[in-house]
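Trainee: This is the structure I want to talk about, given as structure tokens.
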Amino acid sequence: MISRKILTGAFAAALALSMFAVAGCSSGEPAAEAGGESGYVADGLPGLMPEDHEGRFVSMGADGCFNCHGADEDAYPILDTAQPLPADHFAGGSIESYELDNSRAECITCHAQG
């Protein structure tokens, strides 16, 4: 039988990790209406990926997301029909870095499939 201390410790660790994951998804940006410029839904949570993006993160990773939603010397976002990444998703919190912040590389942690 599993001891009560181990079970309590495991529960506390799981709770702490889940709180860390939620904190990592917040951007400090004000909430916008669904479909607004910031990409955040009304309650301030990150927007869902559209249905036509199913499987893209699994097959291409964060680079696949950045290739459309990121920035380069010529465009922000790179694909003109894509929702741009907020500045806090770029290295150093600056779009001009043209580099994804490593702490944001697991896009599907915050942006679930719609």
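Trainee: For the subset of region 79-102 comprising residues that are in contact with a helix residue (DSSP H, G or I) (Cβ under 7 Å, 6 or more places away or on another chain) and part of a helix (DSSP H, G or I), which member is surrounded by the most Cβ atoms within 10 Å (Cβ to Cβ)? Even if it seems obvious, please write down each step before you answer.
Mentor: First, the residues of region 79-102 that are in contact with a helix residue (DSSP H, G or I) (Cβ under 7 Å, 6 or more places away or on another chain): 79, 82-85, 87, 89-91, 93-95, 97, 99-101.
Adding the requirement that they be part of a helix (DSSP H, G or I) leaves 87, 89, 91, 93, 95, 97.
Values: Ala87: 17, His89: 22, Ala91: 15, Gly93: 11, Ile95: 19, Ser97: 13.
The residue in question is His89.
Trainee: Here's a follow-up. Restricting attention to region 79-91, report how many residues are more than 14 Å from Asn102 (Cβ to Cβ) and free of Cβ contacts under 8 Å to residues at least 12 places away in the same chain.
Mentor: The qualifying residues number 3.
Trainee: Ok, one more. For region 45-60, which residues satisfy the criterion of being assigned to a helix (DSSP H, G or I), surrounded by 14 or more Cβ atoms within 10 Å (Cβ to Cβ) and in contact (Cβ under 8 Å) with a residue 40 or more places away in the chain?
Mentor: His53, Phe57
Trainee: Hey, can you tell me all the residues within region 61-78 that are free of Cβ contacts under 8 Å to residues at least 40 places away in the same chain and surrounded by 14 or more Cβ atoms within 10 Å (Cβ to Cβ)? Walk me through how you get there before you give the answer.
Mentor: Of the residues in region 61-78, the ones free of Cβ contacts under 8 Å to residues at least 40 places away in the same chain are 63-64, 66-78.
Across region 61-78, the qualifying residues are Gly64, Phe66, Asn67, Cys68, His69, Gly70, Ala71, Tyr76, Pro77, Ile78.
Trainee: Restricting the search to region 92-114, which residues are in contact (Cβ under 8 Å) with a residue 40 or more places away in the chain and β-branched (Val, Ile, Thr)? Talk me through it step by step, then tell me what you get.
Mentor: Going residue by residue through region 92-114, those that are in contact (Cβ under 8 Å) with a residue 40 or more places away in the chain are 103-114.
Within region 92-114, Ile108, Thr109 meet the criteria.
Trainee: Further question on the same structure: If Ala75 satisfies every condition in (1) among the small types (Gly, Ala, Ser); (2) within 17 Å of Leu100 (Cα to Cα); (3) modelled with pLDDT under 65 but one, which is the exception?
Mentor: All conditions are met except number (3).
The values are calculated or read from the model by the stated rules, or taken from the named source; none is laboratory data. Bear in mind the structure is a predicted one, so any value in this text is a computation, not a measurement. Every residue, glycine as well, gets a Cβ built from its backbone with ideal geometry; the counts of neighbours run over all protein chains shown.
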